[in-house]
Amino acid sequence: MVDHVSPLLSRIRQDRALDGLMDGFEFDLKGADHVEFVRLSSGAKLEPVAGCGAGGTYFLCGEGPGEDRPVLYADSEGSAALLADDLRGALTIIVGLPTWHDCHFDRPGGLEATIAEAEKFHQEWLTYEADYDDDSATVADALGLELAPRPELIRRLHAAWSRTVPDYVLLNEWDGAYELLF
């Protein structure tokens with residue numbers, strides 16, 4: 001199957017081993033159905049492209065070439081936020097910062113406290129995922145991703161998150177706004 005929207009998504013679909021690794025990073029191309037009807041507050045196009053094991057959905061937002069559109073993540077509990085400015089950026093965060101869900105940008109101490117807490121979560125996570133370094137390197141190589149240090153990825157995630165309001169607020173079918181994730 002050729003993906004006309006995104007060579008990155010097409011590459012994942014065509015390689016079973018890569019698709020399996022991406023499932024481990026909670027980016028499942030077979031799980032792109034969101035739990036409810038949603039739309040963007042701006043009225044821009046919203047296209048689900050992948051899901052995660054916790055019931056969340058990754059969406060491409062707006063018009064234009066598939067990979068160059070912003071990526072929004074919505075969980076199954078009514079929270080959402082921009083993850084990155086484009087699909088390559090989102091995949092870089094997902095693969096390079098697998099504990100990105102644990103980032104909280106409203107904690108005392110600001111962004112530096114978030115970075116310190118994320119590092120703690122990451123080290124704890126590594127005790128359960130011994131193959132992480134190999135898997136992330138394999139995925140990065142296969143997709144041509146340039147992984148950055150975790151603090152830089154958290155800063156990128158924060159920058160995208162900061163741009164969620166007003167245009168990327170997710171609304172349900174009753175026009176109820178999703179809470180801001182993180």
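Observations
- Single match in Gly31, Gly20 (criterion: part of a loop (DSSP other than H, G, I, E, B) and either closer than 30 Å to Leu126 by Cα or in contact (Cβ under 8 Å) with a residue 60 or more places away in the chain (or both)): Gly31
- Within segment 155-182, residues that are of a type in the set (Asp, Glu) reach partners that are outside any loop (DSSP other than H, G, I, E, B) with beta carbons closer than 8 Å, at six or more positions or on different chains, in the pairs Asp167/Leu40; Glu173/Val38; Glu179/Ser79; Glu179/Ala80.
- Candidate set: segment 149-171, residues that are in contact with a Gly (Cβ under 8 Å, 6 or more places away or on another chain) and modelled with pLDDT of 95 or more; chosen: the one nearest to Phe59 (Cα to Cα): Ala160
- Segment 39-80 holds strands (runs of 3 or more DSSP E) entirely within its bounds, and those carrying 1 or more residues that are small (Gly, Ala, Ser), crowded, with 19+ Cβ neighbours inside 10 Å and touching a Lys or Arg at 6+ places or on another chain (Cβ under 9 Å) map to 46-51.
- Neighbours by Cβ (under 7 Å, 6+ apart or cross-chain): first from segment 65-76, farther than 13 Å from Val35 by Cα; second among the hydrophobic types (A, V, I, L, M, F, W, C) and in a loop (DSSP other than H, G, I, E, B): Gly66/Val5
The values are calculated or read from the model by the stated rules, or taken from the named source; none is laboratory data. Keep in mind that this is a model prediction, so the values were computed, not measured. A quick note on method: Cβ atoms are made from the backbone with ideal geometry, for glycine too, and the neighbour counts reach across all protein chains shown.
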